[in-house]
Ligand SMILES: Cc1cc2nc3c(=O)[nH]c(=O)nc-3n(C[C@H](O)[C@H](O)[C@H](O)COP(=O)(O)O)c2cc1C
């Protein structure tokens, strides 16, 4: 019998899982992930999200080819500068591997958000297309990642599609009224889940005032 780990264990072991097996993920499991996604909060509970589940080989190849092209062309200079032995180098290698194998992921989940101007942009300053309300979509994205982790599925958050988003709209028939916020490749992991590497919370925390310290709780590294 499999047991679901507790939510804190899930969060502490939810690494970006970019090496995936091509084996299919049953619809019932995808549904469970989507049900978790729509539990998320959103501004005024408007739930202006929409999801596109892509499993067709030709469609995944269409996406993967463009993603890989942009990964190489946008980051070619960065790759050359980063020492592959460093933590940053490992992230780059892993992200590059995902780009080259994106089309093999059994599911690509497009997390979309309805476009809407933020309150802070005055009506007279609104030009062109409004962005999607990222703040109302990312909680759902995080729920997808947590649900995948709980189900033993590998997943990772990607945003490189921004470089060719108009092509996605044309290919998949996504209306202009929606923006694609994140694309999450999902599949059974090749690797193991393991501890994440993060700065301890107290280094990022201030107490009462910016720069304020409280041992064990708030020990900010940077008060500037
Ligand atoms: C807003 C955002 C955008 C990201 N975009 C990409 C991306 O385009 N490609 C990618 O491989 N990973 C992307 N990531 C994943 C991060 O690289 C990853 O979460 C981070 O390196 C931590 O990795 P870990 O969870 O394995 O420790 C993105 C993460 C966030 C939060």
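Please find, in a Gaussian network model of the chain (springs between Cα atoms separated by less than 10 Å), the residue of 140, 99, 170 whose mean-square fluctuation is greatest.
Result for the chain, Cα springs under 10 Å: 170 fluctuates most.
Between the alpha-carbon centers of the stretch 84-119 and the stretch 1-55, tell me the distance in whole angstrom.
Cα centroid to Cα centroid, the span is 15 Å.
Taking the beta-carbon count within 10 Å as an exposure proxy, list 112, 148, 39 from fewest neighbours to most.
By the 10 Å Cβ count, ascending: 39, 112, 148.
Taking springs between alpha-carbon atoms closer than 10 angstrom, which of 119, 110, 193 fluctuates most in the Gaussian network model of the chain?
119
Cβ neighbours within 10 Å, averaged per peptide: list 8-14, 158-164 in order, most packed at the top. Can you show the working numbers first?
Numbers: 8-14: 14.3, 158-164: 16.0.
Highest to lowest by the protection proxy: 158-164, 8-14.
Going by how many other Cβ atoms sit within 10 Å of their own, how do 137, 30 line up, fewest first?
Ordered from fewest to most neighbouring Cβ atoms within 10 Å, 137, 30 come out as 30, 137.
Would you mind telling me which residue in 128, 212, 187 has the biggest mean-square fluctuation in a Gaussian network model of the chain, where springs connect alpha carbons within a distance under 10 angstrom?
Ranking 128, 212, 187 by mean-square fluctuation puts 212 first.
Remind me, what semi-axes does the chain give for its equivalent ellipsoid, largest first in whole Å, using sqrt of 5 times each Cα gyration tensor eigenvalue?
Output for the chain: semi-axes of 28, 25, 21 Å.
Please tell me the relative contact order of the stretch 7-193 in percent, rounded to the nearest whole number, where contacts are Cα pairs under 8 Å and at least six residues apart.
Result for the stretch 7-193 is 38 percent.
Read-outs throughout are calculated quantities, based only on the coordinates presented, and are distinct from any laboratory measurement. On a predicted model such as this, the values are computed, not experimentally measured, just so you know. Don't worry about glycine lacking a Cβ; one is built from the backbone with ideal geometry, like all the others, and counts go over all protein chains shown.
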